[in-house]
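See below for the structure under consideration.
The values are calculated or read from the model by the stated rules, or taken from the named source; none is laboratory data. Remember, it's a predicted structure, so these values are computed and weren't measured experimentally. All Cβ positions, even for glycine, are placed from backbone atoms using ideal geometry, and neighbour counts span all protein chains on display. When the accessible area is computed, the model is the full protein with side chains, heavy atoms only, and any ligands, DNA or RNA have been set aside. Shrake-Rupley method; radii C 1.70, N 1.55, O 1.52, S 1.80 Å.
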Amino acid sequence: MNQIIHFIVDTIGSLGYTGIFLMMFLESSFFPFPSEVVMIPAGYLAYKGDMNMWLALLAGALGSLAGALFNYWLALYFGRAFVLKFGRYFFFSEKTMIKMEGYFSKHGEISTFLGRLIPGVRQYISLPAGLARMNIWKFSFYTTFGALIWITILAVFGYYVGVWFGDDLSLTNITNVFIDKAAEIGIIKQYLHYIVLATLGAVVLIAAAYIAIYKIRAGKNKQNENADTSAK
């Protein structure tokens, strides 16, 4: 994994926006590596003036969408059996699929949006969308919206890594944060941990608000149905 992480960061440095697109495409499909090692270095390069932040975010968002659509079409055209057969090689189990399908059948849009903000879920939320044949335009909107929020958080964090530590860091320094070889800048990993927790906290709050609103609406609909039945 260490070699893979170094390869990812080197790819961003050498291919620029194309590298970001390709790596985020893979991150949003089956390949299990963290988006942090793509967008944080991109944000740092934006701080140094070697990249344009807006173009980096655009490349990241398009790559995320492309990877998500790849998974969506796999599930749509090859079905559940295919996804489970090959998904196990990428740590995607039948148990995970069942949980996703159960919730997704009732709450597809919010599941797609929030799923893009949850580590370990964002890569696979496209699969139940494809199996459920979710409207492609709705899927594209919600998955891009969620992905854009996440990659923006990471890129801005990468930018502030530059603000805090200056432009003397190399991409290798930042890479080492993710493979536990840079104790002197381990605070970066600590801050990232807080960011992930804060994001998950926001997801929980949004989900709780959604569930509350959903139950209120469901209750009102049931009351209306009962009233109609009584009137008849």
* To do: Kindly indicate the residue of the range 187-205 that is open to solvent by less than 60 Å² (accessible area, probe 1.4 Å) and among the small types (Gly, Ala, Ser) and also nearest to Gly108 (Cα to Cα) among those meeting that condition.
  => Ala202
* **Only listed residue being part of a helix (DSSP H, G or I), of a type outside the set (Asp, Glu), under 30 Å from Ala209 (Cβ atoms) and modelled with pLDDT under 70, chosen from Met97, Met24** => Met97
* **the range 168-202 - residue that is more than 18 Å from Pro119 (Cβ to Cβ) and either hydrophobic (A, V, I, L, M, F, W, C) or at pLDDT 75 or above (or both) and, of those, nearest to the chain's Cα centre (by Cα)** => Ile174
* Pairs only if they're at least six apart or on different chains, beta carbon under 8 angstrom, first in the range 118-135 and part of a loop (DSSP other than H, G, I, E, B), second among the charged types (D, E, K, R); list them, first residue then second. => Arg122/Arg116; Gln123/Glu27; Ile125/Arg116; Ala132/Glu101
* Asked: Which condition does Phe92 not pass, out of (1) in a helix (DSSP H, G or I); (2) more than 30 Å from Phe165 (Cα to Cα); (3) at pLDDT below 85; (4) open to solvent by less than 20 Å² (accessible area, probe 1.4 Å), if it passes all the others?
  -> (1)
* State which residue pairs qualify: first residue touching a residue at least 24 places away in the same chain (Cβ under 8 Å) and aromatic (Phe, Trp, Tyr) and inside the range 41-56, second residue outside any helix (DSSP H, G or I) and surrounded by 14 or more Cβ atoms within 10 Å (Cβ to Cβ) in any location, beta carbons under 8 Å apart, and separation of 6 or more residues or different chains. => Tyr44/Leu169
* **Single residue of Leu148, Leu127, Leu117 found to be aliphatic (A, V, I, L, M) and closer than 13 Å to Gly67 by Cβ** => Leu127
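One residue is enough: does the range 154-162 have a residue meeting the conditions under 15 Å from Leu65 (Cα atoms) and open to solvent by 10 Å² or more (accessible area, probe 1.4 Å)?
Looking through the range 154-162, none of the residues is under 15 Å from Leu65 (Cα atoms) and open to solvent by 10 Å² or more (accessible area, probe 1.4 Å).
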* Structure fact -> Exactly one of Ala208, Ala147 is out of contact with any Phe, Trp or Tyr (no Cβ under 8 Å at 6 or more places or on another chain), crowded, with 18+ Cβ neighbours inside 10 Å and either modelled with pLDDT of 70 or more or in a helix (DSSP H, G or I) (or both), and that one is Ala147
* **Test: residue in the range 41-51 that is at pLDDT below 65, open to solvent by less than 60 Å² (accessible area, probe 1.4 Å) and not in a helix (DSSP H, G or I)** => no
